[in-house]
Amino acid sequence: MAKFLNTSATNYFLEEMIKSAADRLILISPFLKLNDRMKELLADKNRLKIDVRIVYGKSELQPQETEWLSGLTYIRTSFCKNLHAKCYMNENMCIVTSLNLYEFSQVNNNEMGILILRDEDGQLYKDAYEEAQRIIRISDEIRISLERVAIEAEAPSRNDDRAAEAPSPEGKLASSKIAQKLGLKTGPFLERAAQQGFLVLDNGQFFLSPKGEKVGVEFVAKSRFGPYFLWPQDFYLV
């Protein structure tokens, strides 16, 4: 059954939840300012390629959060207007609490929370998960970088055309060059790459998928040409 948590227990189980996440992790908090320990735990989830969704509600992130999140491929970040809920969950447990994911709150404030275990309170966990998914759906996803990691559907064509002028790592080509090699325009090439799982097309934006990363596709977030993809010279589409 659900368990009451005070401030210290909320912080303890939140850390345990993040450490034990093996499939997914959802962190919903209006305010986002992470302490070093929390960053260490989330960076480890990123290395393990765990799907992490962070939803925040303050209109602007702290600069240090923006910079830190820029290098984390498997952490997706969304902005939700009028967000006041604080809910943290992995595939087995959920915490609904007053605690923001904000280092000041974790150290200074008096907080309360409720711990829900999926094995013990399946319906309650399901209700919380469905509401978390609803909040994610109504949020605007922002793949954080110092500029923006999300690529608008038309942007790759322009950026990759310009990026073709830049020196590329040995064995890699910008999308426009690899598309030309395959007899395609850049836009249709990216769409076909998404259809075959090398990219993900979500709400008109392309993202690098684990399959694409595995075959050597790279995403360049920061350049004078804007964000673009780099592909192995021997890359091909079925």
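Annotation note: Cβ proximity below 7 Å between a residue of segment 37-52 that is touching a residue at least 24 places away in the same chain (Cβ under 8 Å) and assigned by TED's automatic domain parsing to the domain that holds Met17 and a residue that is among the polar types (S, T, N, Q) and assigned to a loop (DSSP other than H, G, I, E, B) (sequence gap 6+ or interchain) occurs for Asn46/Thr73.
Going by the structure shown, is Lys45 buried (at least 20 other Cβ atoms within 10 Å of the Cβ), modelled with pLDDT of 90 or more and in contact with a Pro (Cβ under 9 Å, 6 or more places away or on another chain)? Criteria not met by Lys45.
Yes/no matrix, rows are residues, columns are (1) closer than 17 Å to Glu67 by Cα; (2) modelled with pLDDT of 95 or more; (3) not hydrophobic (A, V, I, L, M, F, W, C):
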position: Ser8; (1), (2), (3): no, no, yes
position: Asn11; (1), (2), (3): no, no, yes
position: Leu14; (1), (2), (3): no, yes, no
position: Leu32; (1), (2), (3): yes, no, no
position: Asp36; (1), (2), (3): yes, no, yes
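Against the definition (at pLDDT 90 or above and either in the same structural domain as Arg76 (by TED's automatic domain parsing) or within 27 Å of Leu72 (Cβ to Cβ) (or both)), how does Asp140 come out, yes or no? Spelling it out, it is not the case that Asp140 is at pLDDT 90 or above and either in the same structural domain as Arg76 (by TED's automatic domain parsing) or within 27 Å of Leu72 (Cβ to Cβ) (or both).
Of all residues in segment 77-98, those that are modelled with pLDDT under 95 and crowded, with 22+ Cβ neighbours inside 10 Å total 1.
The values are calculated or read from the model by the stated rules, or taken from the named source; none is laboratory data. These numbers come from a predicted model, not from an experiment. FYI the Cβ positions are ideal-geometry reconstructions off the backbone, even for glycines, and counts take in every protein chain you see.
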